[in-house]
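The values are calculated or read from the model by the stated rules, or taken from the named source; none is laboratory data. All figures in this text were calculated on a predicted structure; none of them were measured in a lab. All Cβ positions, glycine included, derive from the backbone under ideal geometry; neighbour counts span all protein chains shown.
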Amino acid sequence: MKHINEFSKQSSTYDDNSSIQKEVSRHLLSKLTCKPKKILDLGCGTGNICKNILWDYDLFVGVDYAKGMCEKHPTSIKTKILNENFESDAFRKKVEELVPFDLVISSSALQWANDIENTLEHISKISKNIAFSVFTDKTFEDVYNISGLKTFLPNAQELIKTVQKKFDLDYEVKIYRLFFEDNISKFRYIKKSGVSGGEKKLSLKQAKKLIEIYPHDYLEFEVLYLISKI
């Protein structure tokens, strides 16, 4: 079942572009039925997952390709941050000495994977337990439809089937709506949010068309939550 969460976003604060990601991280953690002691976070960013863990753990390992994100992540004697691509051989070599993990978690990052099946194969060797949240292809759907561009985001049902090959899991799809005062603010958000991605960019003509005719006062995001049956 799809649930809709709605957030107001005033144009004066549109530069804060992580409100959806923060809510997604909190909801992902709320779905855990255990308190893992040894955790690996793929695409850890500035620490949305780590900051919201309310139980005591022995080791938290975060990995992110963006050096600036890693530098802003919380640190402690129980925290290890790796500035690596989570699909790279370099990361896999570094994490080998730390396995197994009680949980591999990833919030708002796996949609960037170039080879999701290969990534899942590696994850299955690291831990039996997963907790993922992934932006899927209904995110910005009207934007893509109007512009004629093709989304790079995965389809929810196809991703469920792919993950089920490796893990016994429960899943949930949630829709989030983020409201804006005007269309220009919406597209500034898209540009800065880190959710839009893809190699093809809007031309000036396409951008002007979207600003003129986009029919909603909100942007819509679809997020798939995948939790192994621990």
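Yes/no matrix, rows are residues, columns are (1) of a type in the set (S, T, Y); (2) out of contact with any Ser or Thr (no Cβ under 9 Å at 6 or more places or on another chain); (3) more than 17 Å from Y218 (Cβ to Cβ):
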position: T139; (1), (2), (3): yes, no, no
position: N145; (1), (2), (3): no, yes, no
position: I160; (1), (2), (3): no, yes, yes
position: Q164; (1), (2), (3): no, yes, yes
position: V173; (1), (2), (3): no, no, yes
position: E181; (1), (2), (3): no, no, no
position: K186; (1), (2), (3): no, yes, no
position: I190; (1), (2), (3): no, no, no
Count of the range 27-40 residues which are free of Cβ contacts under 8 Å to residues at least 60 places away in the same chain and of a type in the set (S, T, N, Q): 1
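Which one of these is under 24 Å from S19 (Cβ atoms) and surrounded by fewer than 12 Cβ atoms within 10 Å (Cβ to Cβ): L54, L42? Spell out how you get there, then give the answer.
On the way: L42 fails: surrounded by fewer than 12 Cβ atoms within 10 Å (Cβ to Cβ).
Sole residue among the options that is under 24 Å from S19 (Cβ atoms) and surrounded by fewer than 12 Cβ atoms within 10 Å (Cβ to Cβ): L54.
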Just checking, how many residues over the range 76-89 are loosely packed, with under 15 Cβ neighbours inside 10 Å and of a type in the set (V, I, T)? 1
The residue that is nearest to the chain's Cα centre (by Cα), considering only those in the range 121-141 that are surrounded by fewer than 20 Cβ atoms within 10 Å (Cβ to Cβ) and outside any loop (DSSP other than H, G, I, E, B), is E141
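Which ones in the range 148-185 are assigned to a strand (DSSP E or B) and not aliphatic (A, V, I, L, M)?
Answer for the range 148-185, where residues must be assigned to a strand (DSSP E or B) and not aliphatic (A, V, I, L, M): D170, Y171, E172, K174, Y176, R177, F179.
Kindly evaluate V24 against the criterion of being touching a Lys or Arg at 6+ places or on another chain (Cβ under 9 Å), without any contact (Cβ under 8 Å) to a residue 40 or more places away in the chain and either of a type outside the set (D, E, K, R) or in a loop (DSSP other than H, G, I, E, B) (or both). First the steps, then the outcome.
Details: touching a Lys or Arg at 6+ places or on another chain (Cβ under 9 Å): yes; without any contact (Cβ under 8 Å) to a residue 40 or more places away in the chain: no; either of a type outside the set (D, E, K, R) or in a loop (DSSP other than H, G, I, E, B) (or both): yes.
No, not satisfied.
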Kindly list the number of the only condition in (1) over 18 Å from G43 (Cα atoms); (2) modelled with pLDDT of 95 or more; (3) not charged (D, E, K, R) that fails for T151. (2)
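Need a quick list: helices (runs of 4 or more DSSP H) entirely within the range 30-114 having at least 2 residues that are more than 18 Å from the chain's Cα centre (by Cα).
On the way: elements: 48-51, 67-72, 89-96.
It comes to 89-96.
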Being modelled with pLDDT under 95 and in contact with a His (Cβ under 7 Å, 6 or more places away or on another chain): is that true of T33 here? no
